[in-house]
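The values are calculated or read from the model by the stated rules, or taken from the named source; none is laboratory data. Note that the structure is predicted; figures quoted are calculated from it, not measured. Neighbour counts are summed over all protein chains in view; Cβ atoms, including those assigned to glycine, are modelled from backbone coordinates with ideal geometry. The protein model used for the area step is the full one, side chains on, heavy atoms only, and it has no ligands, DNA or RNA in it. Shrake-Rupley method; radii C 1.70, N 1.55, O 1.52, S 1.80 Å.
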Amino acid sequence: GGRAAGGHGAREGGGPGAPGGPAPSPRAAAAVAAARGAVGAPYAWGQAGPHAFDCSGLTSWAYARAGVFLPRTSQGQLHAGRHVPLEQALPGDLVVYRSDASHVGMYVGGGQVVHAPRPGAQVRYDPVGMMPVAAVVRP
């Protein structure tokens, strides 16, 4: 899958100063690759790919591509793995937002998530702290 030219400002990888923590699992890396490949797809409520997504549809679809089956809702995904501190987030971790767990994105490294923001918006990169983080979940 060729990458579209001009992916405005989305930095790849963690750079030379990346902390020497554990590397993401091969499954997490595959899910990150799937999520990155979905950038630019339209948001559509209730859709779980491959051509349109809602927030939890994107994360569940990306993990399904890696052979990991997650609950379909952001509330379900809140309980789909081990909670880790935000400072220890690894690419592939799910970032669940707001106290009601109403939004979820996938951490991709470099302080960024890929997520399906809302109707009328496309799947995109945003800063991990774009809204209040409820939990970071490692499936």
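Determine, yes or no, whether residue 68 is under 14 Å from residue 27 (Cβ atoms) and of a type in the set (A, V, I, L, M). Walk me through it before giving the result.
Details: under 14 Å from residue 27 (Cβ atoms): yes; of a type in the set (A, V, I, L, M): yes.
Against the criterion (under 14 Å from residue 27 (Cβ atoms) and of a type in the set (A, V, I, L, M)), residue 68 qualifies.
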* Structure fact -> Scanning segment 80-116 for residues that are without any contact (Cβ under 8 Å) to a residue 60 or more places away in the chain and among the β-branched types (Val, Ile, Thr) gives 84, 95, 96, 104, 113
* **Tabulated pairs, segment 42-66, first touching a residue at least 24 places away in the same chain (Cβ under 8 Å) and among the hydroxyl-bearing types (Ser, Thr, Tyr), second open to solvent by less than 40 Å² (accessible area, probe 1.4 Å) and in a strand (DSSP E or B), C-beta under 7 angstrom, 6+ apart or interchain** => 43/53; 56/104; 59/94; 59/104; 59/106
* Answer residue from segment 24-69, given it is aliphatic (A, V, I, L, M) and part of a loop (DSSP other than H, G, I, E, B) and is surrounded by the fewest Cβ atoms within 10 Å (Cβ to Cβ) among those -> 44
* **Flag if residue 139 is open to solvent by 50 Å² or more (accessible area, probe 1.4 Å), within 13 Å of the chain's Cα centre (by Cα) and modelled with pLDDT of 95 or more** => no
* Asked: What is the residue count in segment 79-132 for residues that are open to solvent by 20 Å² or more (accessible area, probe 1.4 Å), aliphatic (A, V, I, L, M) and not in a loop (DSSP other than H, G, I, E, B)?
  -> 1
* Restrict the check to segment 70-78 and report whether at least one residue is in a strand (DSSP E or B) and touching a residue at least 60 places away in the same chain (Cβ under 8 Å). => no
